[in-house]
Amino acid sequence: MTTNDLPVIAAVDGSTHSRQALDWAAQEAARRGLPLLIVHVRPLTRQVDEETGRREAEALLADAVRRSALIAPELRPSTLAPLDFPSAALVSLSRDASMVVVGSRGLGGFRSLMIGSNSLATASMASCPVVVVQDDRPEEDDQAREAEAFTDIVAGVAADESSEAVLEFAFATAASRPGARLRIVHGWTMFSSMLSGGPFLDREEAAGSAARTLAELTSGWHAKYPQVELVREPVNGSAARTLVTASATAALTVIGRRRGGESLGLGLSPVAQTAVTHALGPVAVVPC
C-alpha cells in the first residue's frame, strides 16, 4: 500500500461528536479517493465481559458503516475494534494512515471542556495529520449547515522549514475542494523579526520582510497547485487569535506540530494548543 492509498481513519464511540467526525472523515475520504477505516476502541478500563464488549462494538461499527453510506455511498469502509486505551490505539494506527479524524469530545466528556483528553493526546502524538472535528450545532441543522457550508482552508505557518508539511497538507486539501480558497496566516512581531535577522527598528520594514518571507514560503507550493486561490496574510501580533477567529468561517484550519517532543510529553506548541482547544470548526494538526 502506497502513501496515496493509506486510509482515512474515523474514530467512533457513539457520541454526537464522533458522529460528526465520521461524517467529516467519509466526505474527505471520498474527495481524496482514499479508503475509509472506521475504528472503535474498546477501552481497557470498561468493566464488561469480552463477549458483551465485542457485540456492542460490532453494533456500533455497523451503525457507523450505515451512516457513512448515506454520506459517501461510493465508499466501502472497513472496520476495526481493538481493545486498548483509545489514544494509544489511534496513535499506533496513525503510522499507516493518511489522517486520523476524531471528535472534540467523546462519551462522558465534560461539556465545559473544549476538547477531550483522548482527542488532544492523539493530536499531540500521532504520526500522521489528526483532524479534530468541533461543531456544536445540533445535528437536525444538517440541511442548513450544508446550504451555508464554508469553503476556506486556513493554515498557520512559521517562517522556517517546519511549515513545509503544513503547506503540503493545506494545498492538497484546498485542491481537493473545487472553489476553495486557501488563506495562509503568518504571525510576526518586532521581536520575532529581530530573532530571524530581519528589521526590528522600523515596523513598516518588518511588515514588508514578513510579507516577502510568506511569499517565498508559498511560491513553490502555489506553482504546484496553480488552481488554488491563495491569500497570504502576514499578521502583526497573535497568530493564535487570528487562526481562532478565522476558524469560525473555515472548512478546515491547519496547524503544525513539531515532531520529536512526544516522548518528553511536550505535546503541542502554545499556538497549536490554542487553535485546537478554541477553534470554532475542524482543525488539522500536522506533524512537521
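The gain in end-to-end length when the residue 149 to residue 236 segment is fully stretched comes to 28.4 nm, 0.36 nm per residue minus the alpha carbon separation. Give me the base-10 log of I(q)/I(0) for region 1-59 at each q in 0.14 Å⁻¹, Debye formula, one uniform scatterer per Cα, rounded to two decimals. Log10 I(q)/I(0), no solvent term: -0.49.
Each peptide in 205-213, 70-78 was scored by the mean count of other Cβ atoms within 10 Å over its residues; highest first, the order is 205-213, 70-78. Principal semi-axes of the equivalent ellipsoid, √(5λ) from the alpha carbon gyration tensor of region 57-104, are 21, 14, 10 Å from largest down. One decimal place: the segment residue 225-residue 203 gains 4.7 nm when fully extended, by the rule 0.36 nm per residue minus the C-alpha distance.
Where a number appears in this text, it was derived from the coordinates with a stated rule and is not lab data. For clarity, every value in this text was computed on a predicted model and none was experimentally measured. A quick note on method: Cβ atoms are made from the backbone with ideal geometry, for glycine too, and the neighbour counts reach across all protein chains shown.
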